[in-house]
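Every read-out reported here was derived from the displayed coordinates using simple, explicitly stated rules and does not represent laboratory data. In this text, all values refer to a predicted model and were calculated from it rather than measured experimentally. With ideal geometry, Cβ positions are generated from the backbone for all residues, glycine too; neighbour counts draw on all protein chains shown.
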Ligand code: NAD
C-alpha cells in the first residue's frame, strides 16, 4: 500500500521523494549534497531520489554495527532464531507490497517480482535452522585426558553490496544469514533500486532485530570504497558485474577482509536431439526472456546439437508469443530493461552480431509498447549463426536476447562451453542419463541443471556456503588430568 512507499522511498512519488538511510535503528534523511534520481523503467519518470551518503553518515553506520556486535554476537542463538522466524512470516505477509515496489523501481513483472521475494524468503527460512547449522565438531581423547572441539563463531561486522536485478532476493541472500550467525551487517543496495531493501529493513525491525544489527547506506563508488577500506568491516559479500566484483575482491582482500564476489554470467543451454521438444522450447524461452534476460541465471546462449538445429523456427514462434509490457500490466511477460543505457547497450550488441555475420531471426529492437513509449523496452530477440569469436557471444548481454550456436556432437558443445570465460550456470536438455552424467562431469561450470531428468542444485550461494562465509572456526583443545596423573617434572619434548 501507499504507506510503505511513502515511508521508505518517498513522501509521495516524484522528484521530491527521498530514500532514507537506516542508521542505528532509525530511518534518517541524508544531509548529502549529492543525490541520484530513481526512475520507473517502464516510463523513465523520476519516482524518487537516493543520496550518496556522506562520509560521516557511513562512519555512523559502521560504528553502529560495531557497537551492536558486542551484544548481538553474545545474544543466545535461540533468540536470534526467533527474530528470523518472525521475519519470514512478515515477508510472507508483505510479499505483494514488496513485489509492487520491485516492479516500480526495477521494471520486472509483478508475478516475477513475487518470485524475487520468494527466493529470498527461502534463504530466510533456511536461517531458521541455525541451531543445527552452527554446530561445531568434536573429537574426544585425541591424547590421554585431552579432547578437541570446534565452535563456529561470528566474524564481526559484515557488509553486502548488491546489484539492481534482484532487489529482494540478493539482499536476502546476505544479511539474514550473516546476522543469524551473530554478525552485524552493513548493506549498500543498488542505487537504482534502493526502496525494496528499505522495506526489508523495516520488516526486520518489526521482527525484533535490535538497533544497529543492520545498517543501510546508499551510494556508488565512494560507498563501495568505504566498505573495502574500513578496518571494522571483516567480510564483504558482493553480487554484480565483473568490473565491480573484481575491483572489490582485490581492494577488500588487500585490506585483509574475507571477500566473495558473485559476478557476470553467460549461461549455456545445450539442447540434445533426444530431449522432450515441447518442454525444451518452453524452458528455453522462459529462461532466456524471463525478467527481460536480466537474471544472472538467464539462459542467454543455446547450443543446438545435431538434429535439434531444426527446432529453431518453432523456438522463434514461441518467443513471438510473449507479451512485452510494463511490469504492472496484466498479462505482461517481458518488462523493460533497467535504463536507457542498458537498452542502448543491448541493441548495440545485437547490431554487432549482425555486423559480424549472425542472423537476427526475431528482432525486438523496435518494439513499441502502447502507453509506455518512453520505457526501456526491448522485445525477445533471437540471433542465430553465432560463432564463439563474435562480440555478442563473448560479452554478457543482460537483456532479452538468446544467441544460438550449433554443434555436431555433445563433445563439441562441451568444448564451446568450457572455452567461455563466464561460468555461472548451465543446463542440458536431454532424456539420456548417460549424456547428462557426462555433461556434469566434463563441463567446467558451478551450477548444472538437468531438465527433464530433474535435479535442482539451486541457490547454493548464501544457502550452503553462507554459513561458512559468515563464521570462523575456533578450535579448543582441552586437557583435564585426574589428580594422580599430575606431571612430576616439565615435559620439554614432544611425546612420540
Ligand atoms: P553492477 O556491478 O553495476 O552493480 C553492483 C553493485 O556494485 C552496485 O551496488 C553498484 O553501486 C556497485 N558498483 C557498480 N559499479 C561499480 C564500480 N565500478 N566500482 C565499485 N562499485 C560499483 O551490477 P548491476 O548492473 O547492478 O547488476 C547486473 C550484474 O550483476 C550482471 O553482470 C549480472 O550477471 C550480475 N549478477 C550476478 C549474480 C551472481 O550470482 N553471479 C547475480 C545477480 C546479478
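Express in nm, to one decimal, how much length is gained between residue 46 and residue 243 on full extension, taking 0.36 nm for each residue of separation and deducting their alpha carbon distance.
68.2 nm
Counting pairs of alpha carbon atoms under 8 Å apart in space and at least six apart in sequence, what relative contact order in percent does segment 257-304 give?
Numbers: 43 pairs, mean separation 25.0, N = 48.
For segment 257-304, the relative contact order is 52 percent.
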FRET efficiency (residue 472, residue 442; Cβ distance; R0 41 Å; to 0.05) is 0.70
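With 10 angstrom as the radius, rank 470, 249, 439 by how many other C-beta atoms surround their C-beta, starting from the fewest.
249, 439, 470
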Can you sort 144, 108 so the residue with the fewest Cβ neighbours within 10 Å comes first? 144, 108
Using only Cα atoms, tell me the angle between helix 77-93 and the longest principal axis of the chain; keep it within 0 to 90° and round to the nearest 10. 20
Defining a contact as two alpha carbons under 8 Å apart and six or more residues distant in sequence, what relative contact order in percent does segment 268-454 show? 27
Kindly put 170, 236 in sequence by how many other C-beta atoms sit within 10 Å of each C-beta, fewest to most. 236, 170
Helix 110-127 axis, angle to the chain major axis (alpha carbon atoms, nearest 10°): 20
Just how far, in whole angstrom, is segment 107-136 from segment 253-280 if you go by their alpha carbon centroids? 20
Using Cα-only point scatterers and the Debye equation, what is log10 of I(q)/I(0) for segment 268-454 at each q in 0.08, 0.13, 0.14, 0.15 Å⁻¹, rounded to two decimals? -0.24, -0.63, -0.72, -0.83
Relative contact order of the chain, defined on C-alpha pairs under 8 angstrom at six or more residues apart (%): 17
Given q = 0.06, 0.08, 0.13 Å⁻¹, what are the Debye log10 I(q)/I(0) values for the chain, with equal point scatterers placed on the Cα positions and solvent ignored? -0.31, -0.54, -1.23
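At 222 nm, what value in deg cm²/dmol follows for the chain if DSSP H runs of at least 4 each add -39500 (n - 2.57) and the sum is divided by all its residues, to the nearest 500?
Result for the chain: -11500 deg cm²/dmol, rounded to the nearest 500.
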Quick check: the angle from helix 410-419's long axis to the longest principal axis of the chain, C-alpha only, nearest 10 degrees? 60
Report the label-to-label distance for residue 56 and residue 314 in nanometres (one decimal), using points 7 Å from each Cα along the Cα→Cβ vector. 6.6
Where q = 0.21, 0.23, 0.24 Å⁻¹, what log10 of I(q)/I(0) comes from the Debye formula for segment 189-276, counting one point per Cα? -1.09, -1.20, -1.24
Can you give the FRET efficiency to the nearest 0.05 for residue 276 and residue 494, using r as the Cβ-Cβ distance and R₀ = 56 Å? 0.30
Tally the DSSP beta bridges in segment 268-454 and give the antiparallel ones as a percent, rounded to 5. 10
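Which of the peptides 332-344, 426-438 is most tightly packed, and how do the rest follow, judged by the mean count of other Cβ atoms within 10 Å per residue?
Going from most to least packed, we get 332-344, 426-438.
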Theoretical FRET efficiency, 1/(1+(r/R0)^6), r = Cβ-Cβ of residue 354 and residue 31, R0 56 Å, to 0.05: 0.70
Fraction of antiparallel bridges per DSSP, the chain only, in percent to nearest 5: 35
